[in-house]
1. Give me a count of the residues in the stretch 1-45 that are open to solvent by 50 Å² or more (accessible area, probe 1.4 Å), assigned to a helix (DSSP H, G or I) and among the hydroxyl-bearing types (Ser, Thr, Tyr).
2. Here is a list: SER80, SER33, SER106. Which entry is over 24 Å from ILE145 (Cα atoms) and not β-branched (Val, Ile, Thr)?
3. Of PHE67, PHE56, PHE50, which residue is open to solvent by 70 Å² or more (accessible area, probe 1.4 Å), within 19 Å of ILE14 (Cα to Cα) and in contact with a helix residue (DSSP H, G or I) (Cβ under 7 Å, 6 or more places away or on another chain)?
4. Condition first: within 15 Å of ALA79 (Cα to Cα), more than 15 Å from the chain's Cα centre (by Cα) and part of a helix (DSSP H, G or I). Now tell me which residues in the stretch 95-142 satisfy that.
Amino acid sequence: METNALVYKIQKAIVTVDDYILWSHTLLKNGVSSISLNVISSLRSTENIFEVEHYFKDAVKELKIEFPTIEISSRAYIASLAIQILNKENMIELFNLAYEIYRITSDLQYPEDIIEWYNISEMIDQIRYDNSPLKFTEEDVKSKIKHESKRLLDV
């Protein structure tokens, strides 16, 4: 997990022990190391989150990491969700990830470059809750979700 995406999860209080461990592995793979980072990478997901957060704070100090703004961390987390979308085929999982991107888009007050996630959420709502005939199918929405994810990542 990229540092800025982790910071988003911390700021929103949705971070898990696994997120910290994944973050440490990502940094180690990229040649970044510190004593506390090495400790985090050796922990198991069953560890107490408060203990892991202690090591995280130490690692941040050791590595002199500065936390980004909420917009930067939000966009980093959106990018991590877009990567997940590109690796999913299950419609329910895709819709849930798209909704999550939409919620962040809403929190950011609908920036123009990601406003399409609002439209996607509306399409999903129509599929789920509207009983009248639609001008699109689930496959159309899936294709749009994948397309927007690729656009976000410039793939």
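The values are calculated or read from the model by the stated rules, or taken from the named source; none is laboratory data. In this text the structure is predicted, and so the values were computed from the model without any measurement. Every residue, glycine as well, gets a Cβ built from its backbone with ideal geometry; the counts of neighbours run over all protein chains shown. All accessible areas refer to the heavy atoms of the entire protein, side chains included, with ligands and DNA or RNA removed. Shrake-Rupley method; radii C 1.70, N 1.55, O 1.52, S 1.80 Å.
1. The qualifying residues number 1.
2. Of SER80, SER33, SER106, the one residue that is over 24 Å from ILE145 (Cα atoms) and not β-branched (Val, Ile, Thr) is SER33.
3. Values: PHE56 fails: open to solvent by 70 Å² or more (accessible area, probe 1.4 Å); PHE50 fails: in contact with a helix residue (DSSP H, G or I) (Cβ under 7 Å, 6 or more places away or on another chain).
Going through PHE67, PHE56, PHE50 in turn, just one is open to solvent by 70 Å² or more (accessible area, probe 1.4 Å), within 19 Å of ILE14 (Cα to Cα) and in contact with a helix residue (DSSP H, G or I) (Cβ under 7 Å, 6 or more places away or on another chain): PHE67.
4. Passing the criteria: ASP113, GLU116.
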